[in-house]
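Values in this text are rule-based calculations from the coordinates and carry no lab data. Just so it is clear, the structure is predicted and the values come from calculations on it, not from any experiment. Every residue, glycine among them, receives a Cβ derived from its backbone with ideal geometry; neighbour counts consider all protein chains shown.
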Amino acid sequence: MDDSPKEACGVFGLYAPGQPVSHMTYLGLFALQHRGQEAAGIAVSDGHKMWVDKDTGLVSTVFDDRRLQTLQGDLAIGHTRYSTTGSGDWSNCQPVYRDARRHQFALAHNGNLVNTAELSAELGMPYDGIGSDSALVAELVARELSVGELHGESEEVIEAFIATLPQISGAFSLVLLGSDFLIGARDPQGFRPLFLGKLDDGWVLASETPALDVVGAEVVREIAPGEVVVIDENGVHARTLNQPAAEPALCSFEFVYFARPDGNLLGQNVHRVRRRMGQALARQAPVQADAVVPIPESSVPGAQGYAEASGIPFVDGFVKNRYIGRTFIAPNQELRSNAVRIKLNPIRENIDGQRLVVVEDSIIRATTLRETMRMMRAAGAAEIHLRVLSPPYKWPCWFGMDTTDQSKLVASHMSVEEIRDYLGADSLVYLDIDAMVEAITPGSQGGLCTACLSGDYPIPVPDSAITVAK
C-alpha cells in the first residue's frame, strides 16, 4: 500500500524541573509521529530512579493519561520508531535501557550505523542477538562504564558516552537520559537532524523544530555535526567529538520527503524549499496542461511552486484518508488490492477530461504510484505528465532509510522512458540534481548527502554493512 521511503526514527529529549515531562514528551513525539509509526517509548528520571515505558504502535495507541501519570520526573527522552535495522517487535522498541555498575541510563537513536558487524564482534555478541544499532550503542556505553574509574555517577556516564561515539560510524542523532542530565549528539556528517530548544525553565532536544513548537520551546539552533551537548541544572554545555573534521552531509530527503513542511533545516523553511523545487521543475520541464495536481502530501508545496511558475492552475486531485496509518486490516485479496484507493481517492470532477501535470516528491519502488496513475486514468484523465521533485533514486541508503536493497529501486534497473511506460504516463521528467541542491541551499553546493541520487557516499560503506542489511 505504501512504497514511499521510510525514515529511521524521531527522537525527543526534555529537561524541565517541576513540569509534566512525560506529557510534554508525549506531545513532542506526537509531532514526530511521521518519522516512525511502528513503536513509541518514553523514559523518565526523577534524579534517583528511572522508568521506561514503550510498546509497538502509534504514540496515541501506546500512551494514555494513566500511563503517562506513572512516569514522574524532571527529565525525559522519547522515541518513535521505524525499523530500518532490527525487527519491528517489542524487544527493539526504544528507548533502550541499561543499568551498568549501578548507573542507569536510557538511549534513543535516529539513523543507521555502518560498522555494526565489527563492533558486535568486539563485544563478542552476534549482531542478531543485540537486535538493533541503538542497543549496540547502549552496550558499548555499558562496556565503557565497566572499564572506567568511578568519579561520580553523572560524570562517569557522560564520559563513557562521549568515549563511545568515536567508535561508531554512520548516521546517528542520539539522546541519552542519565539520572540528572540529558545528552544530545550528532555524527560528524550530521546525516540526521537534531535541534536544541529553550523553555522558560528548561531545555529541549528534538529531531525537528515542530516538536519544539508544540511544547512551547524557542528554537535556539541546530546541534552541529560532530557536537555533543550535555544539559543539566547548570544549563547547556557543548562538547566536540574527538574525531577528524568532516564535510556536513544532511540527508537531502529530509527536504524532499521526511521533514514536516512547517519545520526548518539548515536555516531553510521546508515548505519554501519544496515550492522552489516545484518552480525549478516548471522551468526545466514545461508542458501544455489544464491543471497541476499533487499526490498528497509532501508533494503539495512542490505542486504549488510548479503552478506558480507555469501559470497552470493548481487543483486538488485526491482526498487522502488521514486515519489509515501504516497498516490496515483487509479480509481478502480483492480488498487488499484496493489498498491505494483506501489511502487515496481521486476527485473525478477535477480529473475527468483534463490534461494534468501530476507532481510527486520521489519515485522509489513505483508500485503504489503505478496504481495511483491507473486510478487517474479510470477517473478520466486525458493526459498525465508526471513531474518528480527529485532526481532518479538509484542507489541504496545506508544511513537511516529502508532502501538498502538496490534491486527494489526502480530507477536502478529501468531508464526514465521505461519507468514512464511502466507507470502509464504521457511524459515523465525528474528534477535535475543541481537544481534540487540549489533549491535546498541557494547559492551553496555543499552540506547535503545525495548518495541515493548520485552514488557519491560521504563516508565509505564497508562490505560488512551491506551483508548485515541483507
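Quick one: which residues, 5 or more positions from Asp361 or on another chain, have an amide H under 5 Å from its amide H? H modelled 1.01 Å from N in the peptide plane, none for Pro or chain starts.
It is Ser299, Leu389, by chain and number.
Based on other C-beta atoms within 10 Å, arrange Trp90, Trp395 from fewest to most. Intermediate values should be presented prior to the final figure.
Working: Trp90 11, Trp395 19.
Sorted ascending by nearby Cβ count, the order is Trp90, Trp395.
When you count, for each residue, the other Cβ atoms within 10 Å and take the mean per peptide, how do 405-417, 241-253 rank with the highest first?
Details: 405-417: 15.1, 241-253: 17.3.
Result, highest mean Cβ count within 10 Å first: 241-253, 405-417.
What is the set of long-range amide H partners of Val220 at a cut-off below 5 Å, with H atoms built 1.01 Å from backbone N?
Leu196, Gly197, Lys198
Based solely on its DSSP helices, what 222 nm [θ] is calculated for the chain when runs of n ≥ 4 H residues each add -39,500 (n - 2.57) and the sum is averaged over all residues, nearest 500 deg cm²/dmol?
Numbers: 18 runs with 143 residues, N = 470.
When only DSSP H runs of four or more count, the value is -8000 deg cm²/dmol.
So how far, in whole Å, is the C-alpha centre of region 165-199 from the one of region 219-262?
Taking the Cα centre of region 219-262 as reference, the centre of region 165-199 is 7 Å away.
If you plug each phi of region 382-393 into the Karplus form 6.51 cos²θ - 1.76 cosθ + 1.60 with θ = phi - 60°, what whole-Hz ³J(HN,Hα) values come out, in order, with x for Gly and Pro?
These are the phi-based 3J(HN,Hα) values: 6, 9, 10, 10, 7, 10, 10, 7, 9, x, x, 8 Hz.
Starting with the fewest neighbours, write out Cys93, Cys452 ranked by other beta-carbon atoms found within 10 Å of each beta-carbon.
Values: Cys93 25, Cys452 29.
Final ranking by Cβ density, sparse to dense: Cys93, Cys452.
State, to one decimal in nm, how far the label point of Val319 lies from the label point of Arg101, with both points 7 Å from Cα in the Cβ direction.
Computed distance between label sites Val319 and Arg101 equals 6.2 nm.
List the residues, sorted by chain then number, that are 5 or more residues from Ala39 or on another chain and whose placed amide H is less than 5 Å from its amide H.
Gly57, Arg81
Only Cα pairs under 8 Å and at least 6 apart count here; give the relative contact order of region 346-460 as a rounded whole percent.
Details: 174 pairs, mean separation 31.8, N = 115.
Worked out over region 346-460, it gives 28 percent.
Where nothing but the Cβ of Lys and Arg (+1) and of Asp and Glu (-1) is charged, how large is the charge dipole of the chain around its Cα centre, in debye to the nearest 20? Display every interim value, and only then the final one.
Working: 39 positive and 59 negative charges, 257 e Å.
The calculated dipole for the chain is roughly 1240 debye.
Once you place label points 7 Å from the Cα toward the Cβ at Ala382 and Thr70, how far apart are they in nm?
6.2 nm
On a full-extension model of 0.36 nm per residue, what is the gain between Ala245 and Ser454, subtracting their alpha-carbon distance, rounded to one decimal in nm? Mind showing how you got there, number by number?
On the way: separation 209, 0.36 × 209 = 75.24 nm, distance 2.29 nm.
Roughly 73.0 nm would be gained on extension.
Enumerate lysine pairs in the chain that are 8 or more residues apart or on different chains, then count those whose Cα atoms are under 16 Å apart.
Working: Lys6/Lys394; Lys6/Lys408; Lys320/Lys343; Lys394/Lys408; Lys408/Lys470.
Taking the Cα cut-off of 16 Å, the pair count is 5.
Just want the ordering: His48, His103, from fewest to most Cβ atoms lying within 10 Å of their own Cβ. Could you put the intermediate results ahead of the total?
Numbers: His48 9, His103 20.
By the 10 Å Cβ count, ascending: His48, His103.
Positive end of the charge dipole of the chain (Lys, Arg +1 and Asp, Glu -1 on Cβ, about the Cα centre): tell me which of Leu71, Ala43, Val292 has its Cα farthest that way.
Result: Val292, furthest along the dipole toward the positive end.
Once you charge only the Cβ atoms, +1 for Lys and Arg and -1 for Asp and Glu, what is the size of the charge dipole of region 9-246 about its Cα centre, to the nearest 20 debye? Before the final figure, lay out the partial values.
Values: 15 positive and 31 negative charges, 72 e Å.
Here the size comes out at about 340 debye.
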